[in-house]
Each structure stands twice: as C-alpha cells, then as structure tokens.
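Okay, so here's the structure we're looking at.
The values are calculated or read from the model by the stated rules, or taken from the named source; none is laboratory data. Small disclaimer: the values here were computed from a predicted structure and weren't measured. Here the Cβ is made from the backbone with ideal geometry for all residues, glycine too, and neighbour counts use every protein chain on show. We work out accessible area using only protein heavy atoms, side chains counted, and drop any ligands, DNA or RNA first. Shrake-Rupley method; radii C 1.70, N 1.55, O 1.52, S 1.80 Å.
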Amino acid sequence: MAETDQVELVDEAGRPTGVTTVGRAHRAPGQLHRAFSVMLTRPDGRMLLQRRAASKLRFAGLWTNSCCGHPLPGADVAARAALRVREELGVELVDAREVGRFRYRAPDLASGHVESEYDHVLVGAFRGELRPDPREVSRTAWVTPDEARGLVEQGLVTPWFADVLRLVDGAVVDA
C-alpha cells in the first residue's frame, strides 16, 4: 500500500469516522485506523512468520505475523487480506476466519511514525508455493507457538505481534 492510499479512520469500537491517507494516519501522534493481521498456519500447528524487509517504513527488520495491511475504506477485510497475502507472499489465502480484534498504539522510534490501529486478526491456510516479495519480506520461518512466544520474550517482534499471537493461541484452543 502506498503512503498516498486511503485508510478508514475508526473510533475505539471500530466504527468508521472518516478517511485519510496511510501517510497521514501514521504521522505522529497517529490516527486510529482499521488494519488487519493474517497468520497462516499448517496442520502440524506451525505458523508462518515473516521478518519485515529493511526497506519497510515502519518497524523494519522485525519478526511479525505472516502478513498485515489495511483495507480500503468500506472494503471487506477478508478480501483485502487475501489480496495482501497474494502480493506479499505469492500464495492464495484459504479457509480464513477472523479470530478477534484489538487496538494498539506504538511509536516507531527509528522512523518517527506511529501505529494507531484497530486490528482484525485472521487465521487461515494457503495454497501455492511461497514466493515472498523481497521489498516486503526479508525472511520467512515456520515456527511453533512456543518458538513464537520466545521471539516475543526476546523483543525481536513488532509491537502488535504479541496481541496477534494471543488471539491466534486462543482460537486454536477454542477450535
């Protein structure tokens, strides 16, 4: 998504309140807007993590969930998530389901940008062979939930990842 693309501003309950650009939404102090985080999983319980490319504008080089992004204003979150999975990872998102939502705010000290997002978390499988876009992803790894929690403990992840992992863990227990 380009910095000039539009995102949907929301209130604390996730209700639309307006529209702005990606760049303006992330300019300090940050404006609360809709986002999504996708976690691809395998039947053996492993989940796909990506290490964000060094060229990313926010939280470059950190480990995070399989894919994340922003739906366009008024767009279907799951459809936009499927498109981003295809763009970033080169695979088709299948059997996706939303497992929860959370709100977070996190300044990126390296860039001066601020994440202030109402995040929809989706879990799904995929079809195809992974072909990560190097402009987005520097590395991928299939990890166990325990290995993912270890990355959180080491401080090697994006600020939103611990909450994504909590919701994904809860969905696996509830399934």
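Val77 falls short on exactly one of the conditions (1) over 15 Å from the mean Cα position of the chain (by Cα); (2) on the phi < 0 side of the Ramachandran plot; (3) of a type outside the set (S, T, N, Q), and that condition is (1). For segment 112-170, a residue qualifies if it is surrounded by fewer than 14 Cβ atoms within 10 Å (Cβ to Cβ), in contact (Cβ under 8 Å) with a residue 40 or more places away in the chain and either touching a Pro at 6+ places or on another chain (Cβ under 9 Å) or among the small types (Gly, Ala, Ser) (or both), and the qualifying residues are Gly112, Arg139, Gly170. Counting residues in segment 82-92 that are in contact (Cβ under 8 Å) with a residue 40 or more places away in the chain, closer than 22 Å to Met1 by Cα and open to solvent by 50 Å² or more (accessible area, probe 1.4 Å) gives one or more. With the condition kept exactly as written, say whether any residue in segment 21-37 is open to solvent by 20 Å² or more (accessible area, probe 1.4 Å), in contact (Cβ under 8 Å) with a residue 12 or more places away in the chain and more than 16 Å from Glu115 (Cβ to Cβ). Within segment 21-37, not a single residue is open to solvent by 20 Å² or more (accessible area, probe 1.4 Å), in contact (Cβ under 8 Å) with a residue 12 or more places away in the chain and more than 16 Å from Glu115 (Cβ to Cβ).
Conditions (1) touching a helix residue (DSSP H, G or I) at 6+ places or on another chain (Cβ under 8 Å); (2) farther than 24 Å from Leu9 by Cβ, marked per residue:
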position	(1), (2)
Cys68	yes, no
Pro73	no, no
Arg84	no, no
Phe102	yes, no
Val114	no, no
Val123	yes, yes
Asp146	no, yes
Val152	yes, yes
Phe161	yes, no
